[in-house]
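Enquirer: Quick one: the structure is below, and I'll ask about it shortly.
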Ligand code: C2E
Ligand code: MG
Ligand code: MG
Ligand code: MG
């Protein structure tokens, strides 16, 4: 019986694997048309500093409005675009559109607003050079320091020499580099010494069980202390509750991003949001319920 179950499990597994491969292949083909058909759209999610009543920046998060499938998650199609190399073209499209959009908001009066764009490690091999980024920045008419590139730890670990040269050349333009999903990748932190990193973004897996989970609470405090000692800015992602926000602010992590403040939204909604942010941004977290 066990053997039978084993076999049917195995068969189920291979069938679903096959299905996955087919889906991926199909999505890859459909993705080819997505840019020119205007199916890609950039959403923006604010990062706020509730203690200062300020919106610091917005992060560009790509959406694929598929004509038949509805909205396809970037968690599904970005890895496909990375494998197929399509992320080269898509990544450039995101950079230039998001930078131009930032300029529109800055000109509308939000002159200190900054922008974060996710960068894929494959964009180096796919030919994104400093000169290209310079051109994007010039054409948008923004200051390089208002652009942050979010990179993942894996990029800082794999192909380190090439990655170091590449990221240093981008950084030399004056843009900022931030480590996304910080804490999920690798145990060795030595890359923080070698790479010209400006900021860390605490992964939401460390935030979701705050403040009750004492291990996560300790980890977050440790990351805060480390960021302070290394003179890195810090953002916490995935803040969904007032309690999480309070814990983070009370522990000196002041830049917060998450559904508690705002979901990623279409560009057209961001202007309205910036003019009239919700009260939990403007009044900050209420007095702490959680003290050490
Ligand atoms: P990420 O850069 O770590 O972005 C954060 C993700 O967490 C986003 O998912 C965002 O919608 C989600 N999120 C934000 N606040 C909360 C919260 O309070 N609770 C929960 N549960 N989730 C929250 P999204 O938009 O689905 O993007 C997923 C990932 O896809 C991104 O993770 C990023 O790695 C990648 N991605 C998105 N756009 C781009 C892009 O233009 N280029 C590249 N290379 N990757 C992108
Ligand atoms: Mg990100
Ligand atoms: Mg992240
Ligand atoms: Mg994340």
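The values are calculated or read from the model by the stated rules, or taken from the named source; none is laboratory data. Remember, predicted model here, so these are calculated numbers, not experimental data. Cβ: placed from backbone, ideal geometry, glycine included. Neighbour counts: every protein chain shown.
Enquirer: Condition test on residue 222, is it out of contact with any helix residue (DSSP H, G or I) (no Cβ under 6 Å at 6 or more places or on another chain), over 30 Å from residue 131 (Cα atoms) and either in a strand (DSSP E or B) or within 13 Å of ligand 4 (Cβ to nearest atom) (or both)? Step through it out loud before you land on a result.
Expert: Values: out of contact with any helix residue (DSSP H, G or I) (no Cβ under 6 Å at 6 or more places or on another chain): yes; over 30 Å from residue 131 (Cα atoms): yes; either in a strand (DSSP E or B) or within 13 Å of ligand 4 (Cβ to nearest atom) (or both): no.
Considered against the rule, which asks whether it is out of contact with any helix residue (DSSP H, G or I) (no Cβ under 6 Å at 6 or more places or on another chain), over 30 Å from residue 131 (Cα atoms) and either in a strand (DSSP E or B) or within 13 Å of ligand 4 (Cβ to nearest atom) (or both), residue 222 comes out as no.
Enquirer: Quick check on this structure: which one of 120, 111 is assigned to a loop (DSSP other than H, G, I, E, B), within 16 Å of ligand 3 (Cβ to nearest atom) and either touching a residue at least 12 places away in the same chain (Cβ under 8 Å) or surrounded by fewer than 14 Cβ atoms within 10 Å (Cβ to Cβ) (or both)? Spell out the reasoning first.
Expert: Numbers: 111 fails: within 16 Å of ligand 3 (Cβ to nearest atom).
Checking each option against the conditions leaves just 120.
Enquirer: How many residues are crowded, with 18+ Cβ neighbours inside 10 Å, within 15 Å of ligand 1 (Cβ to nearest atom) and more than 18 Å from residue 90 (Cβ to Cβ) if we restrict to the range 123-155?
Expert: 2
Enquirer: Next question, about the same structure. Step by step: first the residues of the range 185-205, then only those that are outside any loop (DSSP other than H, G, I, E, B) and either closer than 16 Å to residue 232 by Cβ or free of Cβ contacts under 8 Å to residues at least 24 places away in the same chain (or both), then the one that is nearest to ligand 1 (Cβ to nearest atom). Which residue is that?
Expert: Taking the candidates together, the pick is 201.
Enquirer: Could I ask something else about it? Can you tell me which of 218, 241, 222, 272 is more than 16 Å from ligand 2 (Cβ to nearest atom) and under 20 Å from the mean Cα position of the chain (by Cα)?
Expert: Numbers: 218 fails: under 20 Å from the mean Cα position of the chain (by Cα); 222 fails: under 20 Å from the mean Cα position of the chain (by Cα); 272 fails: under 20 Å from the mean Cα position of the chain (by Cα).
Exactly one residue qualifies, and that residue is 241.
Enquirer: Related question: Is it true that some residue in the range 157-175 is within 20 Å of the chain's Cα centre (by Cα), under 19 Å from residue 61 (Cα atoms) and crowded, with 20+ Cβ neighbours inside 10 Å?
Expert: Yes, there is a match, as at least one residue in the range 157-175 is within 20 Å of the chain's Cα centre (by Cα), under 19 Å from residue 61 (Cα atoms) and crowded, with 20+ Cβ neighbours inside 10 Å.
Enquirer: Then there's this: State whether the residues of the range 231-251 include one that is out of contact with any strand residue (DSSP E or B) (no Cβ under 7 Å at 6 or more places or on another chain), in a helix (DSSP H, G or I) and modelled with pLDDT under 95.
Expert: Here is the first cut: in the range 231-251, the residues out of contact with any strand residue (DSSP E or B) (no Cβ under 7 Å at 6 or more places or on another chain) are 231, 238, 240-244, 246-247, 249-251.
If we keep only those that are in a helix (DSSP H, G or I) too, we end up with 242-244, 246-247, 249-250.
Pick out the ones that are also modelled with pLDDT under 95 and you get none.
Checked against the condition, which is being out of contact with any strand residue (DSSP E or B) (no Cβ under 7 Å at 6 or more places or on another chain), in a helix (DSSP H, G or I) and modelled with pLDDT under 95, the range 231-251 yields no hits at all.
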